Structures are given as C-alpha cells and as structure tokens.
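Written out below as structure tokens is the structure these notes cover.
The values are calculated or read from the model by the stated rules, or taken from the named source; none is laboratory data. Everything numeric here is computed off the predicted structure, so don't read it as measured data. In case anyone asks, the SASA skips ligands and DNA or RNA and just uses the protein heavy atoms, side chains included. Shrake-Rupley method; radii C 1.70, N 1.55, O 1.52, S 1.80 Å.
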Amino acid sequence: MLTVLISVLAVLVSLGSLAVSYASDRRSHMPVLQFMWESGQGGTGQPKWWLVNVGTGPASNVVVAQTERTGLTRGLNGEVWFNPVLVPSIPAGGKLALTWLGGTMGLDCGLGASYTDVERYFYTTKCGDDVSMFFVGLHLPRWPLLKLHGAKAVKTWWGVEDLSGPPWSSVAPARARRRRWLPRRFGFARRMGGWADPVLLYRGGE
C-alpha cells in the first residue's frame, strides 16, 4: 500500500512540475499591450495615442478597435465594437503610434486591442475612462484578417488617416457567437485557428 501511495505522489509531483513548466514557458513570451496617451510636452512631438507592449514577448495579429463604451469585462456584454484596424507586430518593450485616433486625449469612446503570442494564443486589452484591463483569450469580435467572401472587414493602419466618415465593420453581441463548450474566461476563442475559431461565423453590422 505504501509503495502505491509513493507512486501516486510521484506521478502527481511530475504532473505538477509539467504544469508549472508550461505556465512559466507561456509567461516567458506573453505580450501585454497597454494604451498610453502622450501629451507631446517636453519636445516629445505631437500629442497622440500609443499602444505599448509591456509584456515579455511580441504581440502579433494586432487589431485595434473602438466602442461607444466598454464595461472592461470579459466578453462583449452589450458592447458594439467598430472601426477595426490591423497594425504591425509590436515587440516586447516596443510601441506603436495610433495616429488615426488623432491628437485628442478625450475620444468619447472605449478602445480595445486583440492580439496573439508566438504560439497564436489570444489576449485582449480594453481601455475606458483611463482604466485598462488585460484578459487572456479573445474578448473582442473576431474580425477576419484576410478577405472573407470577397471583402475585408479590417483596414490596415497605413491606409487609415483619420476617423472621418461612417464607422466600418461594427459587430454587436448578437452577431458574435461563441462555442458553448469553450470556457467563458477565454471569450470567443483561445487560439487562432482550431475548432474554437469563429471567423467563418463572422457577420458584420449591428
């Protein structure tokens, strides 16, 4: 009996070590994006919004979007997101100017960014009323990055000069379907691709 107990404990210790090792490896290349306002004082240039990577790994497949107001919670929860813009990858410690947002600190809207790490796992940052929240998983709509049905839902950052004109590719909660079996803490998808990828369910408009 003692031998069996020792064997079981050894297996549990091994599994625990594997779990700790896996979590440590994920954290070693986990991107964390934060929205930052720079006033331009002190000779730093024009005032603008920045997206800064304060994590330990590069952020890829970055999509920046807006909403009238965000509850800074997991999922959409009544949020309607629009104006998705695809921006270049941001390395750890790097930042990118969000020039199309203009030089006004008060945007009267919430901001959000979805992105992936090098293993294509999703992360989300939401910002509203000067408060930012970071979430593991996808908690914004999953806009297709490439053309779908002959059209492209996201605009590229170098093709957006400002936000004049009507909003594009708005998505309401009713049009953002999630897989029922996926834990809610991961939002609409945990990883880019695979069974949990809702790209083919995408429908624009409110």
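On the protein heavy atoms, probe 1.4 angstrom, tell me the percent of accessible surface of region 49-206 carried by carbon and sulfur.
It is 54 percent, rounded to a whole number.
Sorting W49, W37, W158, W181 by accessible area (1.4 Å probe), largest first, what list results?
These residues rank, largest area first, as W158, W181, W37, W49.
Report Rg(Cα)/(2.2 N^0.38 Å) for region 76-120, keeping two decimals.
Scaled against compact globular proteins, the figure is 1.39.
Under a 1.4 angstrom probe, counting protein chains only, how are S169, S89 ranked by accessible area, largest first?
In descending accessible area the options line up as S89, S169.
Go from 0 up to the bin containing the longest alpha carbon distance in region 107-184, width 10 Å each, and give me the % of pairs per bin.
Cα pair-distance distribution for region 107-184, in percent: 13, 41, 39, 7, 0.
What share of all Cα pairs of region 44-111, in percent, falls into each consecutive 5 Å distance bin?
3, 15, 22, 22, 23, 14, 2, 0
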